[in-house]
1. Can we say B:Val47 is among the aliphatic types (A, V, I, L, M), within 23 Å of A:Ile61 (Cα to Cα) and over 29 Å from the mean Cα position of the chain (by Cα)?
2. Considering every residue within the range B:80-91, establish whether at least one is modelled with pLDDT under 85, closer than 20 Å to A:Arg159 by Cα and away from DNA strand C (no atom under 16 Å from the Cβ).
3. Can you run down the residue pairs with Cβ atoms below 8 Å, 6 or more apart or on separate chains, where the first is in the range B:134-148 and under 17 Å from B:His108 (Cβ atoms) and in the same structural domain as B:Glu123 (by TED's automatic domain parsing) and the partner is assigned to a loop (DSSP other than H, G, I, E, B) and open to solvent by 10 Å² or more (accessible area, probe 1.4 Å)?
4. Quick check on the range A:165-173. Is at least one of its residues open to solvent by 40 Å² or more (accessible area, probe 1.4 Å), at pLDDT below 65 and within 22 Å of A:Glu144 (Cα to Cα)?
5. Would a scan of the range B:45-57 turn up a residue that is touching a strand residue (DSSP E or B) at 6+ places or on another chain (Cβ under 6 Å) and modelled with pLDDT of 85 or more?
6. Could you tell me how many of the residues in the range B:119-137 are in contact with a strand residue (DSSP E or B) (Cβ under 7 Å, 6 or more places away or on another chain) and open to solvent by less than 30 Å² (accessible area, probe 1.4 Å)?
7. Does A:Ser49 count as within 13 Å of DNA strand C (Cβ to nearest atom) and more than 11 Å from chain B (Cβ to nearest Cβ)?
8. Quick test of your reading of the structure: B:Ser71 fulfils all but one of (1) open to solvent by 20 Å² or more (accessible area, probe 1.4 Å); (2) at pLDDT 80 or above. Name the failing condition by number.
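The values are calculated or read from the model by the stated rules, or taken from the named source; none is laboratory data. Everything numeric here is computed off the predicted structure, so don't read it as measured data. Quick reminder, even Gly has a Cβ in these numbers, built from the backbone with ideal geometry, and neighbours come from all protein chains shown. When the accessible area is computed, the model is the full protein with side chains, heavy atoms only, and any ligands, DNA or RNA have been set aside. Shrake-Rupley method; radii C 1.70, N 1.55, O 1.52, S 1.80 Å.
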2 protein chains.
Amino acid sequence: MSGFDVGGRLKQLRMQRDLSQRELAKRAGVTNSTISLIEQNSVSPSVSSLKKILDALPVTISEFFAGEEVSREQVFYRASELTEIGDGVLSWRLIGARRPNRRMSILHERYPPGADTGEDMLEHDGEEGGVIISGTIELTVNGEVQLLTAGDAYYFDSRLPHRFRNVSDSECIIVSANNPPSFSDGGDAQHHA
Amino acid sequence: MSGFDVGGRLKQLRMQRDLSQRELAKRAGVTNSTISLIEQNSVSPSVSSLKKILDALPVTISEFFAGEEVSREQVFYRASELTEIGDGVLSWRLIGARRPNRRMSILHERYPPGADTGEDMLEHDGEEGGVIISGTIELTVNGEVQLLTAGDAYYFDSRLPHRFRNVSDSECIIVSANNPPSFSDGGDAQHHA
DNA sequence: CGTCCCTGTTGAAGATCCTTGACATCATCA
DNA sequence: TGATGATGTCAAGGATCTTCAACAGGGACG
């Protein structure tokens, strides 16, 4: 009924860490019986119990339930076959665009001089970070403005209002990653980034 | 105790969809009282109940628990202040190393000629992807071997056995991202990546 | 062999979650 | 005004989860 093997997943994570049921139970502040019953899927734990257990691993609930089936997806992407998303001014090349349930978007971005994600700040769920490969970019996050150059990097919660702008007179190249993916292949793609 | 406002989050999602407690309960196959008690944080629902409710929204458990406190973390990282992880041969520079609960690791990696993640393949939870900035890298994933050069990219499930090796005579630079993060600031960092 | 310590499993009792069936409140409408 | 239907809340009891305590099995060691 759960559609997800909670017990198996817990056991897997516990085993990976080389913990006994009793050891994990002690760290989590529950009893070994609880762990045993959950691992056998004899019960569906309460969120509070599961949280206690996962905190002891440590693993977030979100991570615990993320992913499942190991897929036979494409692994290698030639530069020429990266999905080009550009809108004429900016251009992004998305790695793994066609993966149905990927947890990240990785982008190879090109900001020509003057490129700008727009005056009204971007805000959306998730986190994003990146590295400046070449050139210079002006990044505004939550009101703070910084000029980043080759080798510099950033990482922030995407709910903070943010904006990318190339104020220099040369192209800027960035490799960035988003989580959860804000680009999807079709449908409800949010605007970058 | 939960550290996460389950009730508030559920109410938020229900409101967004313009559903009454009874309407949502009906779709989920539980009673309106259940929804009410959960939303007030009077109880910590069982995973199975929560799953039924979230399926009716529909929202995955992972999405439900993703994100929370918008933190006042560091956003901008100068090249010089990136956490250097190298072991003498390979070197990685981790973006956002000190963020407590980040969902990704973003790495600026340098593979000198001969660098190798080792003959016994890496396998761990999560997904990873990256872009080759310069040089050449030999990447093996699940038995398949490919030579990737500047502009090429990769993305795969990290549970597939994999290995990175610089078989050329020049340095290779890669920007990569992992999810969930396989590097932590202190403690049980797994080996790369 | 027996003892010791570890492992995971399992009844029965206790704690918590979930449902039943009320109740109070508010808005609509004759 | 009173009737109706919708909303969210709450007590009591049944259902489920969690603990306590016991149990069986497997090494290690003498």
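1. no
2. no
3. Pairs found: B:Ser134/B:Ala150; B:Ser134/B:Glu171; B:Gly135/B:Ala150; B:Gly135/B:Ser168; B:Gly135/B:Ser170; B:Gly135/B:Glu171.
4. no
5. yes
6. 10
7. no
8. Of (1) open to solvent by 20 Å² or more (accessible area, probe 1.4 Å); (2) at pLDDT 80 or above, only one is false for B:Ser71: (2).
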